[in-house]
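Read through the structure below, which is laid out as structure tokens, and then see the notes.
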Amino acid sequence: NDDVKSDYDVIVVGGGPGGSTVAGLVAMDGHHVLLLEKETFPRYQIGESLLPATVHGVCALLGVRDEIERAGFVRKRGGTFRWGSNREPWTFSFAASERMAGPTSYAYQVERGQFDTILLDNAKRLGADVRQGHRVVGTVRNDDRVAGVRYVDDRGGEHIARARFVVDASGHGSRLHRDVDGEREYSPHFRNLALFGYFEGGHRMPAPNSGNILCAAFPDGWFWYIPLSDTLTSVGAVVRHSAAARVRGDLDAAYAGLIADCPLVAELLADASRATEPPYDELRVRKDYSYDRTALWCPGMVLVGDAACFIDPVFSSGVHLATYSGLLAARSINSALAGELPEERAFTEFELRYRREFTLFHDFLVAFYETSTDEQGYFTAASKLTGRAGTDPDAGFVDLVGGVSSTDFSRRLTGEVLAEGARLQVRGLLGEAAGAEPPLFPGGLVPSPDGRRWLMPGV
Ligand code: FAD
């Protein structure tokens, strides 16, 4: 039957990693989910460098990890940086962290069209009613609750669908997020813009770092250099606000000029040429992408991924925050739909956990940009934030950039909180045998053994 029903338990707006994660995990719990995606996949998206917690934690909970493993993505052991006052590139590997050493100490560099399609197809396989080419144009309310959406289908027909919960996972361009009280607040720290494109034939760093992301600073900003296959490379310039005028007019000339300012990247591209096949044949610009929000849910509606917040590309936190917030939202929705927790209790846990993860990355990235010192300085800053000062300086840094740390560095529970993402990975690998987790906050909730709901601790 091709008709979209008009009543669901949950409607998810947007089929990126955030939306597919919520839809899959809520459908797995037996609820009726409608996912409306305006594009037809595979569609282009930026955000190609992943963190291990996404691959081994959330993707494992979704039952899609093996498929991701088989997809042939470039394996990412860590990151290589030419940053700060140190002229020489330096490298970290996820395996250097005691929490991540072993089978989960890597992530992938992904072509997002392919990666996002795997996740969206998986949500459908798990039971979500996935509709592509369906654009949501607004929410509908019932008294003080969001109670559904208005959408335009793939033939131009206008409809209303209702649900107990609406999830806005429609990314940075979201308009729906305004239906949650509060404001999107743009960061005073990150006012950069990005100009990015693709090359065929770029050189690789020597093994074992050939699959790493390279972040290379130059006077007006920094470049990412992400190997997407043996031959395809994603190359993006993040240009500081004060130099934004360089990205005007002829973008090809601007791009070439920026690359020429960054000798490390220019050398790697010496024998390369710009990609000519869609979607990689064009240059793209993004700006105003660093923001947070004063409220992340309201009765009947929750925001995940870029619809809620995004920091900066430098540590590959975007897809991690999108999938992590998708997981948190799914737990809250599943618990509320099962009648096990009042909505407010369930979503307060969602918001607290989401904010602390965002804050940890945000505050470290501020320090990372502002500290003009060598890598030792960054390691120290990360160790302080992750509550591990005085231990192996590498460990704090690696935990942070691995997406395994949910630390609120100002809280006394940092030692415990630090283990959050690592436990997610362990849960992904071991399933229910991973055992019970402690709460992250006094009086807070804990994940159920299957990882898809919240429980009161000790119950
Ligand atoms: P999206 O991936 O944006 O998905 C949202 C979906 O919603 C889209 O498919 C869209 O078509 C759909 N949609 C929108 N409006 C509607 C509507 N009205 N109705 C129905 N559907 C709708 N992250 C990383 O992890 N690693 C990186 O290396 C990285 N690099 C980045 C570089 C730059 C310059 C920028 C700006 C970001 C980068 N990111 C990176 C961040 C990453 O792009 C995002 O965080 C991530 O894509 C967010 O996922 P999402 O599911 O929230 O949203």
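The values are calculated or read from the model by the stated rules, or taken from the named source; none is laboratory data. As the structure is a prediction and not an experimental result, all values here were calculated from the model. Cβ sites come from the backbone with ideal geometry, for glycine too, and all protein chains shown count toward neighbours. When the accessible area is computed, the model is the full protein with side chains, heavy atoms only, and any ligands, DNA or RNA have been set aside. Shrake-Rupley method; radii C 1.70, N 1.55, O 1.52, S 1.80 Å.
The rows are residues; the columns are (1) within 16 Å of the chain's Cα centre (by Cα); (2) under 30 Å from LEU214 (Cβ atoms).
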| position | (1), (2) |
| --- | --- |
| SER6 | no, no |
| VAL22 | yes, no |
| VAL26 | no, no |
| GLY47 | yes, yes |
| LEU51 | yes, yes |
| THR54 | yes, yes |
| LEU62 | yes, yes |
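Against the criterion of being under 23 Å from SER234 (Cβ atoms), at pLDDT 95 or above and of a type in the set (S, T, N, Q), SER49 qualifies. Entry remark, the stretch 180-199: residues being buried (at least 19 other Cβ atoms within 10 Å of the Cβ) and either more than 10 Å from the ligand (Cβ to nearest atom) or aromatic (Phe, Trp, Tyr) (or both) number 7 in total. Screening ALA27, ALA23 for residues that are more than 14 Å from the ligand (Cβ to nearest atom), modelled with pLDDT of 95 or more, on the phi < 0 side of the Ramachandran plot and not aromatic (Phe, Trp, Tyr) leaves exactly one candidate, ALA27.
Residues checked against (1) touching a helix residue (DSSP H, G or I) at 6+ places or on another chain (Cβ under 6 Å); (2) within 13 Å of the ligand (Cβ to nearest atom); (3) outside any helix (DSSP H, G or I):
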site: LEU34; (1), (2), (3): no, yes, yes
site: THR40; (1), (2), (3): no, yes, yes
site: GLU69; (1), (2), (3): no, no, no
site: PHE92; (1), (2), (3): yes, no, yes
site: GLY113; (1), (2), (3): no, yes, no
site: ASP121; (1), (2), (3): no, no, no
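Taking each residue of the stretch 131-152 that is modelled with pLDDT of 95 or more and looking for partners that are open to solvent by 60 Å² or more (accessible area, probe 1.4 Å) and polar (S, T, N, Q) with beta-carbon atoms closer than 7 Å, six or more apart or interchain, yields GLN132/THR40; GLY133/THR40. Looking at this structure, is ASP252 open to solvent by 10 Å² or more (accessible area, probe 1.4 Å) and more than 21 Å from PHE81 (Cα to Cα)? Spelling it out, ASP252 is indeed open to solvent by 10 Å² or more (accessible area, probe 1.4 Å) and more than 21 Å from PHE81 (Cα to Cα). In the set (1) away from the ligand (no atom under 16 Å from the Cβ); (2) open to solvent by 10 Å² or more (accessible area, probe 1.4 Å); (3) not hydrophobic (A, V, I, L, M, F, W, C), ASP292 fails one condition alone, (1). Looking across the stretch 311-365, just one residue is open to solvent by 30 Å² or more (accessible area, probe 1.4 Å) and within 12 Å of the ligand (Cβ to nearest atom), and that is PRO313. Number of residues in the stretch 137-170 that are farther than 24 Å from GLU343 by Cα and either away from the ligand (no atom under 11 Å from the Cβ) or open to solvent by less than 50 Å² (accessible area, probe 1.4 Å) (or both) equals 9. Restricting attention to the stretch 304-350, the residues that are within 24 Å of GLY443 (Cβ to Cβ) and of a type outside the set (A, V, I, L, M) total 16.
Here's the yes/no breakdown for (1) assigned to a loop (DSSP other than H, G, I, E, B); (2) within 22 Å of ARG452 (Cβ to Cβ):
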| site | (1), (2) |
| --- | --- |
| TYR108 | no, no |
| ILE118 | no, yes |
| GLY127 | yes, yes |
| VAL130 | no, yes |
| VAL146 | no, no |
| ARG150 | no, no |
| ILE160 | no, no |
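A Cβ distance below 6 Å, combined with a sequence gap of six or more or placement on separate chains, defines the contacts here; from the stretch 278-289, residues that are more than 22 Å from GLY221 (Cβ to Cβ) reach residues that are open to solvent by less than 40 Å² (accessible area, probe 1.4 Å) and part of a loop (DSSP other than H, G, I, E, B) in the pairs ASP281/ALA275.
Going through ARG246, ARG240 one at a time, which residue ends up being open to solvent by 70 Å² or more (accessible area, probe 1.4 Å) and either touching a helix residue (DSSP H, G or I) at 6+ places or on another chain (Cβ under 7 Å) or among the aromatic types (Phe, Trp, Tyr) (or both)? Please lay out each step first, then the result.
Details: ARG240 fails: either touching a helix residue (DSSP H, G or I) at 6+ places or on another chain (Cβ under 7 Å) or among the aromatic types (Phe, Trp, Tyr) (or both).
Exactly one of ARG246, ARG240 is open to solvent by 70 Å² or more (accessible area, probe 1.4 Å) and either touching a helix residue (DSSP H, G or I) at 6+ places or on another chain (Cβ under 7 Å) or among the aromatic types (Phe, Trp, Tyr) (or both), namely ARG246.
Of the set (1) modelled with pLDDT of 95 or more; (2) surrounded by 16 or more Cβ atoms within 10 Å (Cβ to Cβ); (3) of a type outside the set (A, V, I, L, M), all apply to GLU67 but (2).
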